[in-house]
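Scroll down for the structure; my scribbles are underneath it.
The values are calculated or read from the model by the stated rules, or taken from the named source; none is laboratory data. Bear in mind the structure is a predicted one, so any value in this text is a computation, not a measurement. Backbone-built Cβ (ideal geometry, glycine too); neighbour counts: all protein chains shown.
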Amino acid sequence: MNSKKSQPGKIYYSIGEVARMFDVNTSLIRYWEQQFEIIRPHKNKKGNRLFTQKDVDNFHIIYHLVKERGYTLRGAREKISKNPGDLRRDLEIIKSLEKMRSFLLDIKKHL
C-alpha cells in the first residue's frame, strides 16, 4: 500500500487519484463500489466518479479488511455492517500509527 495520503481541503477525488492512494487498479475501485453500499461517489455530467473524503475513508476500511487482514468481500461487508463505529476508530488509530512510523523513520534517516 502506498502512502494513502489525501490532500487536505480537497472536496472530490477522481477514481485515478483514489486508485493511486491505495496502489490498486481503477477497476478494483469500481468493483468495490459495486460490492459495498458505503461507497457512493457523485458523478458529473460526463459520468466520471467523484469521491468525497468520506468515500476515501471507507476505502481505507475496505482496503484494511480485504487486503491487510485477509477478509473475503462477504466477510468485510458483514464486519462493516455490524460495527462501523469500531472500524472507524480502528482506522483513526491506524492512521495515527502510520504517521508516527513515518516520523520515526524520518528521524532515523537523519541520524
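Given the criteria in contact with a Leu (Cβ under 7 Å, 6 or more places away or on another chain) and within 23 Å of LEU97 (Cα to Cα), does HIS60 qualify?
On the way: in contact with a Leu (Cβ under 7 Å, 6 or more places away or on another chain): yes; within 23 Å of LEU97 (Cα to Cα): yes.
So HIS60 passes the test.
Report every pair of residues separated by at least 6 positions or lying on different chains whose Cβ atoms are under 6 Å apart, first residue within the stretch 47-58 and touching a residue at least 12 places away in the same chain (Cβ under 8 Å) and within 10 Å of TYR12 (Cα to Cα), second in a helix (DSSP H, G or I) and of a type in the set (A, V, I, L, M, F, W, C).
Listed by first residue and then by second, the contacts come to ARG49/ILE15; PHE51/VAL18.
For the stretch 94-111, enumerate the residues that are of a type outside the set (Gly, Ala, Ser) and modelled with pLDDT of 90 or more.
Within the stretch 94-111, the subset of a type outside the set (Gly, Ala, Ser) is 94-95, 97-101, 103-111.
Residues satisfying the conditions are LEU97, LYS99, MET100, ARG101, PHE103, LEU104, LEU105, ASP106, ILE107, LYS108, LYS109, HIS110.
Considering every residue within the stretch 68-79, establish whether at least one is under 18 Å from MET21 (Cα atoms) and surrounded by 15 or more Cβ atoms within 10 Å (Cβ to Cβ).
no
Which ones in the stretch 27-57 are touching a helix residue (DSSP H, G or I) at 6+ places or on another chain (Cβ under 6 Å) and either at pLDDT below 90 or exposed (fewer than 15 other Cβ atoms within 10 Å of the Cβ) (or both)?
Selection gives GLN35 alone.
Identify, from the list LYS4, LYS10, the residue that is at positive phi, in a loop (DSSP other than H, G, I, E, B), modelled with pLDDT under 95 and not small (Gly, Ala, Ser).
Unique residue meeting the criteria: LYS4.
Being over 14 Å from the mean Cα position of the chain (by Cα), surrounded by 11 or more Cβ atoms within 10 Å (Cβ to Cβ) and over 28 Å from HIS42 (Cα atoms) is the filter here, so list the residues in the stretch 80-111 that pass it.
LYS99, SER102
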